[in-house]
Every structure is written in structure tokens, then in C-alpha cells.
Amino acid sequence: MGAGLAGVTTAWFLAKEGHEVVVVDREPEVAAAASYANGGIIAASRAYPWSAGEMGGALRQALLRFDPELWLWGLQHFFLRTGGSYRRVLETKVRLVRYAQQSLNELGAEGLKSGVLYLHRDADALEGAWQRAEVMRSHGFEIRRIDAAGVRELEPTMDAGRIAGALYAPGDQWGDSAAFCRSLAERCRAQGVHFYLENEILSIEPVDVRIREIVTRRGRIRADAFVCALGVMDRRLREQLGIHVPVYPVKGFSATVPLASPQAGPRHALIDESRRVTLAPLGAQLRITGGAHLAGYELEHGPADFAPLYDAAKQLYPGALDYARARVRACQRPMTPETTPRFGTGRYHNLWFNIGLGHMGFTMAAGAARISADLVCGRNPGIDLEGLRIRRH
Ligand SMILES: Cc1cc2nc3c(=O)[nH]c(=O)nc-3n(C[C@H](O)[C@H](O)[C@H](O)COP(=O)(O)OP(=O)(O)OC[C@H]3O[C@@H](n4cnc5c(N)ncnc54)[C@H](O)[C@@H]3O)c2cc1C
């Protein structure tokens, strides 16, 4: 269930095992929701839990709204900021992204490029980021600290005047996540996977402790096993099943902007850390993403949401982009309070979850899928799932 990064990669690993797989999604194309226009960065060396900096302001504001689901989520997220939990979640995340990198290599993805820059405008912030990265270096991630001249060397077209320096991770990657999903879906089809698109799931039907079938707009589908990879899963489906899935949408904004000339834009993908804006060159276009809003399930957006994204890009690459022809959208990160996904089964013994990929779905998808396929096949997954299991109730 679900044809985003989580659903398509899981279908691939299951089909490779010889299972008969059907993927159901309400959209007319694979990867049409969060997996469509994300930042495109496989930011393995930056697998930190999201905490105060990323979401503090948004959370305080959002808690003023009447939304009990968010209140519960916000409370759990708040406790993540305490030292012990933060370290535990960090270790869980590192374990998962390491496994995901390995799984992505085995998957043989094409079209990904390597080398991501994490820019800082402020020298103290750069120093802080370098110290924070110590834990990642100790886990074997290659991270180099470079000054403004080093940034200019890697990025000759950037106006690096206001840049203090950057952390450079040569092993991090980037690419077009929708193209990745669509190409993998083709490979799935060649393995016999059937994609049942434009087909909304209306209900998931249990009998005792098992799911017997799902009811879709176009009929009922029976199966031995079901994988829930529905991203920001509809409240209605959760309520109808009577289960608690600790995922809340964190809204972000994405613009895909044509480059004035192919040479004008960045050579690498980068995150402007002081603005929390991501830039990733995708052929003749630049993908610009940012924003983290706890705005419920709505997907509205307006020019004011894109102004800070464009402002960061204009400062770094003045005159490089044709903003009048930008394609814009809002999308939702399916986020758990700990910012780590959930796997395994809850109340129903044949309903497996691959949900809550949050802000790092592209980074974690291949590992998450292999874990899910192993669980469905009754095997122990390749990593310890402590902190990554869905609760049974
Ligand atoms: C602005 C932004 C930037 C991001 N940048 C990055 C990045 O640089 N790097 C990174 O690693 N991650 C990034 N992410 C996160 C990443 O995009 C997500 O974690 C990932 O796309 C989640 O994949 P998913 O398959 O779980 O969910 P989705 O892609 O949302 O897939 C869920 C699917 O389920 C379907 N569905 C839901 N309900 C139903 C139903 N009732 N019936 C039928 N179908 C249904 C939907 O149509 C959808 O296709 C970013 C996210 C955002 C919002």
C-alpha cells in the first residue's frame, strides 16, 4: 500500500525474492506525493534527529491550535531533546542510514551523484557543526571541513562572499527521487509487480488478528501479507483500524527552477545550514526545498512560503535561475516524534509497517525496504530494530 519511496523499494525487494506483489496507490503515477519533489539529498552523514533548531518555533506556534493528535506528537517530540533520548535516537538513525547506504548500492540505482556541501555563513556555527560531526566521523562517515576558499574551489559559480565555510561529505549523494522511484518501478514491472494506480484505499479489513483484504475504489484486494507504506497515512484509515501510528505531517516547500544556463548553477547538492534551504542541481533545473510547518493535513502554499527559499538561492547564485518559470508545490514529511521510521507488525499479524521516513526518506528508503522485506519473509533483518518497531496495541 503506497507507491512512494517506501512502497516501491519494498516492492522491489519482495519481488526479487519471488513474491507476487501488487502495489496500490491513489495517484495516477508512482512517487506523486512526498517522494515527488523532495530535496533529493541522500544525506547519510547528517542523520541527526530533528530537534529544537529545526522545529522549535513551528512546534510552539502549532501547539496553540486545537489538534490533540499534534499535542501528543509534540509532547513526545519534546522529550527527544533530553540528552539520553537524543543519543539513543542518533545511534538508531546512524545504524539505519549505514544499512540504507549499503542496501542502495546493492539495489544498483542509476543517476545518483556524489558529494554534498553543508554550508555555514557563521564561523561559530561552522565550528559547532564540525564538533557535532565528530560522532558521525567516529561512525566512519568521511566529512571534511573546508573554508570559504575551499568552497569556491568546489563551487566556482557560487557567490561565497558571506560563507564562512562548509562541511563536505564526499560519500553523500543526490538525485531525482521521483525518477529513482519510476525507474525502480519499471524494474519491478519487469519482475512481474503489478501497479494498481489511481486506486484509493478506502478501508483495510481485519478479521480477528489478521487483515483479510483492502477495499479500494476499484474493488477488493486479498493478500497473505500487507505492507503499509502510506506516508502520511489518512486519519480515517488509522481510526477505522483502531491503531496508533505515530506519524504527523511536517509540511515543506519545493520549487524546481530552470537554470539560466547549465553552467550557472551549483556543481554539487548543498544545504545552506543557516537558512535551512537545500539546493540540488537536476540537469537543467535546480531543486530548492525548505520549510518545516506543523500545519495539519493541508497542502496550501503561497509566494511568501517560497520567498526565503529563493532569497537563499539568489544570494548564493545571483542571476542563475529563471524564477518566473518555477514549478512549486508543498509536500508532507511523514514524521514520527523521534524522526525515525517504524517497522514490524502491530495488532494485526500480517500488516507490516514501513512508515515515518520523515525528513530522510530518500536517504533511508533502501534500508527500510530491505528490513520490511525481511520481516515479511519471516527473517531477522540485517540490523537491530531497537527503537524502530511499531508498538503492538
Ligand atoms: C520539502 C521536502 C524535502 C525533502 N528532502 C529530502 C531530502 O533531501 N532527502 C531525503 O532523504 N528525504 C527528503 N525528504 C523526505 C522524503 O521525501 C520522504 O521521507 C519520503 O518521500 C517519504 O516516502 P513515503 O513513501 O513514506 O511517502 P510518500 O512518498 O508520501 O508515499 C506515500 C504514498 O501513499 C499513497 N497513499 C496515501 N494514502 C493512500 C490511500 N488511502 N490510498 C491509496 N494510496 C494512498 C500516496 O498517494 C503516496 O504515493 C523531503 C521531504 C520534503 C517534504
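Computed quantities for the displayed model
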read-out	value
Rg over Rh [alpha-carbon atoms, Kirkwood Rh] for the chain	0.96
Sequence-separation-based contact order of the chain, relative, with Cα cut under 8 Å and 6+ spacing, percent	27
Segment 67-139 shape via C-alpha gyration tensor axes, a/c threshold 1.5	oblate
Whole-percent carbon and sulfur share, accessible surface of segment 1-146, 1.4 Å	53
Size of electric dipole in the chain: Cβ of Lys, Arg +1 and of Asp, Glu -1, about Cα centre, debye, nearest 20	500
At most 14 other Cβ within 10 Å, DSSP loop - GluC sites (Glu not before Pro), segment 221-319	Glu298, Glu300
List Ser138, Ser183, Ser372, ordered by accessible area with a 1.4 Å probe, largest first	Ser138, Ser183, Ser372
Loop chymotrypsin sites (Phe, Trp or Tyr not before Pro), segment 287-379 (other Cβ atoms within 10 Å of the site Cβ: 13 or fewer; DSSP)	Tyr297
Accessible surface, per residue, of the chain when the full set of protein chains is kept, probe 1.4 Å, Å²	43
Shape of segment 19-177, Cα gyration tensor, a/c cut at 1.5	oblate
For segment 122-172: rounded, prolate or oblate by the Cα gyration tensor [a/c cutoff 1.5]	oblate
Charge dipole magnitude, Cβ of K and R +1, D and E -1 - segment 170-257, Cα centre, debye nearest 20	200
Candidate residues Leu75, Leu96: accessible-area rank, largest first, probe 1.4 Å	Leu75, Leu96
Under 13 Å from Lys251, Cα to Cα: aspartates and glutamates that are on another chain or at least 8 residues apart	Glu54, Glu298, Glu300, Asp305
Residue-by-residue Karplus 3J(HN,Hα) for segment 113-119, coefficients 6.51, -1.76, 1.60, Hz, glycine and proline x	10, 10, x, 10, 9, 10, 7
Hydrodynamic radius (Kirkwood) for segment 1-79, which is based on Cα pairs only, to one decimal in Å	15.9
Segment 296-393 - Debye-derived log10 I(q)/I(0), Cα point model, q = 0.11, 0.20, 0.23 Å⁻¹	-0.52, -0.98, -1.19
Rounded to the nearest 10 Å², the accessible area of Arg132 at probe 1.4 Å	100
nm² value of the averaged projected area, convex hull over the Cα atoms of segment 209-289	9.2
Environment charge of Met360, counting only residues whose C-beta is closer than 10 Å and scoring Lys/Arg +1, Asp/Glu -1	+3
Computed over segment 306-393: relative contact order in percent, which uses C-alpha pairs under 8 Å that are six or more apart	26
Residue-averaged [θ]222 nm for the chain, counting only DSSP H segments that reach four residues, each worth -39500 (n - 2.57)	-10500 deg cm²/dmol
Normalised alpha carbon radius of gyration of segment 252-328 [divisor 2.2 N^0.38 Å]	1.06
Residues in segment 81-111 reached by a label modelled at Asn380 [backbone nitrogen below 20 Å; 7 Å Cα→Cβ]	92-93, 95-100, 103
Average Cα contact separation per residue, segment 2-134, under 8 Å, 6 or more apart, as relative contact order %	22
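The values are calculated or read from the model by the stated rules, or taken from the named source; none is laboratory data. If you're wondering where the values come from, they're calculated on a predicted model, not measured in any experiment. Cβ atoms come from the backbone with ideal geometry, glycine included; neighbour counts cover every protein chain shown. What goes into the accessible areas is simple: the full protein's heavy atoms, side chains included, and nothing from ligands, DNA or RNA. Shrake-Rupley method; radii C 1.70, N 1.55, O 1.52, S 1.80 Å.
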